Amino acid sequence: MFNFRDRVLSLLFALLTTVIAFILPSSTIVYSQPCGQEYFTGIDVSEWQGDIDWQEVKKTGQVQFAIIRTSYGWSRWDEYTDKQLDNNIKGAKSVGIPIGAYHYSYATTVEEAELEAEFFINRLKRTTWEYPVFMDIEDKAQLKLTNKQRTDIMLAFMEKVKEKGYCVGFYTNLNWSRNYLDMDRLAPFNLWMAQWNENCTSEHSYGIWQKSSEGSISGIKGNVDLDVCYVNYPEIIKEKHLNGY
């Protein structure tokens, strides 16, 4: 339970985030950890969680947002669309849980990344998104590339999505951020950092932290990823008319 001081700090941070965001380019959003206090708690889901009882998830009071996988790869769009995409969109929206999206990347060239972005954009058109939309880059096929090549791929993908009016970012883990990517070049985009730990020790500013892969939420069978968000994305995205708003 937050005490009075914590509540004041959280409110001041939310106000500062909103003010600064409006003076930045349209799809750039400030992201930072505010005084170590949680702002929103959420989950990320895909077909691996099966059929989710979103009513039950809402009742727990533990899920204030959800990041939903839309797709993966760049070919055979019908086959590589997440099998639970429509169910998860409908379920979360029906109970008032704000959502974001992610696309799992297998791209090893800029050309493939651009094809993935086209696929992602097409699936994003199915609804509006209150949270950023992310490129998930962590596949072993991409380890054979140089840091520059991986970063070039990410920038190609994200720039293409950004051009269509989306608040875009990328998901990566602590190891990749330190050893496999040029984080300076990626700094203009929203960071969703994965580190399964009691605290996130990233030296890079992040808007969302994936803290665990072994969460337990009523309404979801088996484990689910748990996330903490430090930015009031829904307010900013709607004010900036991004993500279909």
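For segment 122-205, give me every one of the helices (runs of 4 or more DSSP H) that falls completely inside it and has 2 or more residues that are surrounded by 24 or more Cβ atoms within 10 Å (Cβ to Cβ) and of a type outside the set (Phe, Trp, Tyr). Of the helices (runs of 4 or more DSSP H) lying wholly inside segment 122-205, those with at least 2 residues that are surrounded by 24 or more Cβ atoms within 10 Å (Cβ to Cβ) and of a type outside the set (Phe, Trp, Tyr) span 147-163. Would you mind stating whether Trp48 is surrounded by fewer than 18 Cβ atoms within 10 Å (Cβ to Cβ), farther than 19 Å from Phe170 by Cβ, under 18 Å from the mean Cα position of the chain (by Cα) and aromatic (Phe, Trp, Tyr)? Here the answer is yes, as Trp48 does meet what is asked. Of all residues in segment 206-245, those satisfying the criterion of being over 16 Å from Ile137 (Cβ atoms), among the hydrophobic types (A, V, I, L, M, F, W, C) and not in a loop (DSSP other than H, G, I, E, B) are Trp209, Val224, Leu226, Val228, Cys229, Ile236, Ile237. The lone criterion from (1) within 17 Å of the chain's Cα centre (by Cα); (2) at positive phi left unmet by Gly100 is number (2).
Applying the criterion of at least 3 residues that are out of contact with any His (no Cβ under 8 Å at 6 or more places or on another chain), of a type outside the set (Gly, Ala, Ser) and modelled with pLDDT of 95 or more to the helices (runs of 4 or more DSSP H) found wholly in segment 1-104 leaves 54-60, 85-94.
The values are calculated or read from the model by the stated rules, or taken from the named source; none is laboratory data. Being a predicted model, the structure only gives us computed values, none of them experimental. Positions of Cβ are generated from backbone atoms using ideal geometry, with glycine treated the same way; all protein chains shown enter the neighbour counts.
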